[in-house]
Amino acid sequence: MVALGISATALASALGTGPTPPAKPLPEAIHDALAAGAGGDQIQGVSANIQLTDHLLEGANLAGGGDGSGSATGQLTSSPLVTGGNGRMWVDKDGRVRLELQSEKGDTQVLYDGSTVSIYDAASNTLYRYTVPTHRGDATGDSGSGTTTPAHHEIPTVAKIEETISHLDHVNVSGATPTDIAGQAAYTVRVSPKEAGSLIGGAELSWDATNGVPLRAAIYSSTSSSPTLELTATSISYGPVAASVFEFTPPSNAKIEEVVLPKKDSTKPASSSSSSSTHSGEHPHITTRGQGITSVAVLESKSKEGAAQTSSTTEEGLQKVKINGVEASELPTELGTLLSFERSGVRYLVAGAVDPAAVEAVAKGL
């Protein structure tokens, strides 16, 4: 959802006209895009038709997926956020965003009003809400009155951009490929890891050649030449958007879930060591195995009383594997593997952008 939100917000401000743009070196194309984005008339609003491609869970063999049973897995696999689909998007000049993805079981709505992200899933009749935390002194600047003002940054020179690209030692960076997206002249750049062994094949970003705003974002698996995740504009227009577009009222019987992310415990003394918190199990502890893009992350947390039944329901339909005699739930995707199990009062979550065998090997060594 984070990736979808970032791509959709960037996509919404896209504008420009014309055929395929002239070829130019990547540093120059980036510089021109940054310069164009820093000037010109402000866009009053954007309306776009979009297409989301999502093959992330293909081959995952989710039991009960799409059977209409209403199970957690069935609801997951029926959501257009997982299956992909067509939709519409609107963005106002004040930053409000609304995205609709169409589905046979009802549209999925994603809205942002400047402070709260709301996601309504019609398949489960659930509204998820997350209040974005505010930070003083962030990139937008804090006036001290609760409002923010845009920060102005100096545009790097072509030479500086070229130097920065040359220091990207762990990835291959393509040139700026001229293309045409949603009727707009655009450039596309592809970034791929130099290190082998992961399921990440690369990522592409396309931006408007005239105005420097992204029109398409895609992530590729190392096992396929087609994008695993892709969000792209199919048509786009510019002009004021009616305020009513950003108004949404869920059904009266909708379930509301307030999403609250964990915060750091400020009551712990600064000298408290990570090892002591790990053994106590009071706070989740994250470690990594390996280096670079093939590394595997391990999250250890204390099992909560009564959580076993909730976990069983949530993981219903996931394939099962044995980790040193303990049953574990595993979700293999096109871009990585997620595995979870409980043992001796500790819950383990093991994940990496690698195949199941690599993740299982790490889990067996815990």
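The values are calculated or read from the model by the stated rules, or taken from the named source; none is laboratory data. These numbers were taken from a predicted model, which means no experiment stands behind them. Backbone-built Cβ (ideal geometry, glycine too); neighbour counts: all protein chains shown. For the accessible areas, the whole protein counts, side chains as well, though only heavy atoms, and no ligand, DNA or RNA atoms are used. Shrake-Rupley method; radii C 1.70, N 1.55, O 1.52, S 1.80 Å.
When residue 141 is tested against (1) at pLDDT 90 or above; (2) over 22 Å from the mean Cα position of the chain (by Cα), just one condition goes unmet, and that condition is (1). Within segment 320-350, the set of residues being over 21 Å from the mean Cα position of the chain (by Cα), in contact (Cβ under 8 Å) with a residue 60 or more places away in the chain and not in a loop (DSSP other than H, G, I, E, B) comprises 346 only.
The set of residues from segment 199-215 being of a type in the set (Ser, Thr, Tyr) and part of a loop (DSSP other than H, G, I, E, B) comprises just one member, 210.
If you take the residues in segment 351-366 that are open to solvent by 60 Å² or more (accessible area, probe 1.4 Å) and assigned to a loop (DSSP other than H, G, I, E, B), which one is farthest from residue 198 (Cα to Cα)? Show your work before the answer.
As a first pass, look at segment 351-366 and keep what is open to solvent by 60 Å² or more (accessible area, probe 1.4 Å): 355, 357, 361, 364-365.
If we keep only those that are assigned to a loop (DSSP other than H, G, I, E, B) too, we end up with 355, 365.
On the way: 355: 7, 365: 20 Å.
Within segment 351-366, the match that is farthest from residue 198 (Cα to Cα) is 365.
Applying the selection to segment 229-257, what residues are in a strand (DSSP E or B) and either farther than 29 Å from residue 31 by Cα or open to solvent by 70 Å² or more (accessible area, probe 1.4 Å) (or both)? Don't jump to the end; show me each part of the working.
Just the residues of segment 229-257 that are in a strand (DSSP E or B), to begin with: 229-238, 255-257.
Those that are in a strand (DSSP E or B) and either farther than 29 Å from residue 31 by Cα or open to solvent by 70 Å² or more (accessible area, probe 1.4 Å) (or both): 234, 238, 255, 256, 257.
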